[in-house]
Amino acid sequence: MKRARTIGIIGGGQLARMMQAAAIGLGLRVRLLAEGPAVSAAQVVPDTVVGDYTDPATVHSFAAGCDAVTFDHEHVPTGILHDLERAGVAVRPGPDALVHAQDKAVMRARLSALGVPCPDWRVVDTPADLVAFGDETGWPVIAKTSRGGYDGKGVWKVSDAAGAALPFAALDGPLGPTERTADPGSDASGAVILAEEFVPFVRELAALVVRSADGATVAYPVSETVQREGICHETTTPAPGLDAEAERAIRLLATRIADALGVVGVLAVELMERPDGRVVVNELAMRPHNTGHWSIDGAHTSQFENHLRAVAGLPLGPTGVRAPVVVMSNVLGGTRADLDGALARLFATQPDVRVQLYGKDVLPGRKVGHVTVYGDDVATVQARARAASDFLEGRAATPDDWR
Ligand SMILES: Nc1ncnc2c1ncn2[C@@H]1O[C@H](COP(=O)(O)OP(=O)(O)OP(=O)(O)O)[C@@H](O)[C@H]1O
Ligand SMILES: [Mg+2]
């Protein structure tokens with residue numbers, strides 16, 4: 001396969017920033033299409049173009065300088081990407097795969113056709129249709145905008161008929177301010193409302209696979225994930241208590257999806273585990289994913305490196321964990337604006353905690369970094385990671401109170 005040496009990344013958030021770190025080691029050149037001159041990745045990529053990723057001319061002239069194009073977010077209109085492909089640009093993942101991460105209704109239809117376990121679902125056109133769905137499958141139900149959602153925005157738990165109008169009202173406007181500096185998440189144009197059975201999950205899991213253009217795949221150990229208010233909060237890898245057979249089945253499922261959709265790069269499969277142990281797919285992402293951030297410090301090859309290897313046409317790297325347990329805890333904007341000062345205090349007593357900061361202003365609830373801890377014992381490693389992120393967020397006075 002033809003090697004790509006200059007990789008275009010569309011979107012300037014923290015995922016692009018962390019891809020740049022991996023690109024440095026691989027000797028790849030990154031060219032960035034960013035939403036502003038000071039966004040997270042623009043701070044670290046010298047070859048940054050500031051422009052609008054929904055404008056065809058902007059994207060075309062950006063891509064002209066690249067051997068392959070990939071993404072920090074999934075919101076570039078597929079029409080533009082099809083045009084790029086026709087112009088001979090390698091788009092990875094391509095638009096026919098990417099649409100399944102852009103549109104949850106398309107994703108549900110395709111996964112159901114492939115026989116992949118999903119919650120009961122239906123596209124509903126009116127509040128009355130949503131009520132009928134709830135009456136049939138049981139209340140509460142989950143309603144989602146098919147497009148433009150992120151971090152739980154665009155997802156509603158609807159308890160009864162009285163709440164059925166709310167999701168439809170949201171179709172008419174943007175989904176609200178985004179946590180990113182860049183604002184890729186609020187384009188809900190073309191969205192419909194997807195009704196889903198409310199899954200009483202015991203926990204959420206995430207399976208990450210990476211697929212290269214020639215069809216080779218690698219799969220990371222399955223992670224247990226905890227979301228808070230719709231935002232990924234913590235991951236533990238490998239997922240505690242998941243038996244080897246179940247883990248193998250989940251990895252195979254994710255690999256099968258990546259193959260069927262023709263994904264190139266990372267595919268993250270978010271899953272919900274039912275009380276009886278069966279899993280259903282929640283949604284798909286086709287880019288490095290928050291549930292894979294543990295892999296920077298905790299795996300032999302990070303998801304960012306493997307994503308770039310796939311995009312560049314390099315063989316993929318091994319995905320094994322470096323320690324029996326790896327915990328990642330997100331750092332959200334809290335009361336501590338001075339992350340630099342906090343970092344000095346954290347490292348003074350916890351020098352082995354791994355930290356990634358995204359260069360973003362600290363705003364309430366915004367993802368500004370993450371910490372990773374690895375070791376032998378799940379409870380200890382989780383407690384240390386939580387203590388470190390609580391401290392960086394300003395919710396704990398010291399990072400040492402984890403025993
Ligand atoms: N059918 C369901 N039953 C129960 N809970 C659900 C269901 N669908 C989603 N959820 C919960 O809502 C969260 C957010 O849903 P989803 O991942 O679809 O939204 P999102 O806004 O696209 O999230 P992301 O931040 O991953 O982009 C899930 O992680 C899960 O906790
Ligand atoms: Mg999700």
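The values are calculated or read from the model by the stated rules, or taken from the named source; none is laboratory data. Nothing here was measured: the structure is a model prediction, and the numbers come from that model. Cβ sites come from the backbone with ideal geometry, for glycine too, and all protein chains shown count toward neighbours. Surface accessibility is based on the protein's heavy atoms, side chains included, excluding ligands, DNA and RNA. Shrake-Rupley method; radii C 1.70, N 1.55, O 1.52, S 1.80 Å.
Regarding G292, is this residue of a type outside the set (A, V, I, L, M, F, W, C), open to solvent by less than 20 Å² (accessible area, probe 1.4 Å), more than 16 Å from ligand 2 (Cβ to nearest atom) and under 18 Å from the mean Cα position of the chain (by Cα)?
Details: of a type outside the set (A, V, I, L, M, F, W, C): yes; open to solvent by less than 20 Å² (accessible area, probe 1.4 Å): yes; more than 16 Å from ligand 2 (Cβ to nearest atom): no; under 18 Å from the mean Cα position of the chain (by Cα): yes.
Answer is no for this residue.
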The condition from (1) under 25 Å from the mean Cα position of the chain (by Cα); (2) more than 16 Å from ligand 2 (Cβ to nearest atom); (3) over 17 Å from A164 (Cβ atoms); (4) outside any helix (DSSP H, G or I) that G88 misses is numbered (1)
Residue pairs, Cβ under 6 Å, 6 or more apart or interchain, first in segment 49-73 and on the phi < 0 side of the Ramachandran plot, second of a type in the set (K, R). List them.
G65/R31; C66/R31; D67/R5; A68/R92; T70/R92; F71/R287
Restricting attention to segment 216-233, which residues are open to solvent by 40 Å² or more (accessible area, probe 1.4 Å), part of a loop (DSSP other than H, G, I, E, B) and over 22 Å from P275 (Cα atoms)?
A216
First in segment 74-100 and open to solvent by less than 20 Å² (accessible area, probe 1.4 Å), second anywhere and hydroxyl-bearing (S, T, Y), Cβ under 7 Å, 6 or more apart:
V76/Y53; P95/T78; L98/T78
Considering only segment 1-56, state which residues are more than 21 Å from the chain's Cα centre (by Cα), part of a helix (DSSP H, G or I) and within 20 Å of V264 (Cα to Cα).
L26
When the residues of segment 68-105 are filtered to those that are more than 17 Å from K2 (Cβ to Cβ) and among the polar types (S, T, N, Q), which remaining residue is farthest from ligand 1 (Cβ to nearest atom)?
T78
Check whether at least one residue in segment 352-366 is in contact with a helix residue (DSSP H, G or I) (Cβ under 9 Å, 6 or more places away or on another chain), open to solvent by less than 30 Å² (accessible area, probe 1.4 Å) and either within 25 Å of R92 (Cβ to Cβ) or within 16 Å of ligand 2 (Cβ to nearest atom) (or both), and report yes or no.
yes
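I'm checking my understanding of the structure. Among residues of segment 200-248 that are among the hydroxyl-bearing types (S, T, Y) and under 20 Å from D377 (Cβ atoms), which one is nearest to ligand 2 (Cβ to nearest atom)? Write out each step before concluding.
Step one: of segment 200-248, the residues among the hydroxyl-bearing types (S, T, Y) are 212, 217, 220, 223, 225, 235-237.
This time we only want the ones that are under 20 Å from D377 (Cβ atoms), so: 223, 225, 235-237.
On the way: S223: 13, T225: 9, T235: 13, T236: 17, T237: 17 Å.
Filtering first and then ranking leaves T225.
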Can you name the residue in segment 256-289 that is open to solvent by less than 40 Å² (accessible area, probe 1.4 Å) and basic (K, R) and, of all such residues, is farthest from ligand 2 (Cβ to nearest atom)?
R274
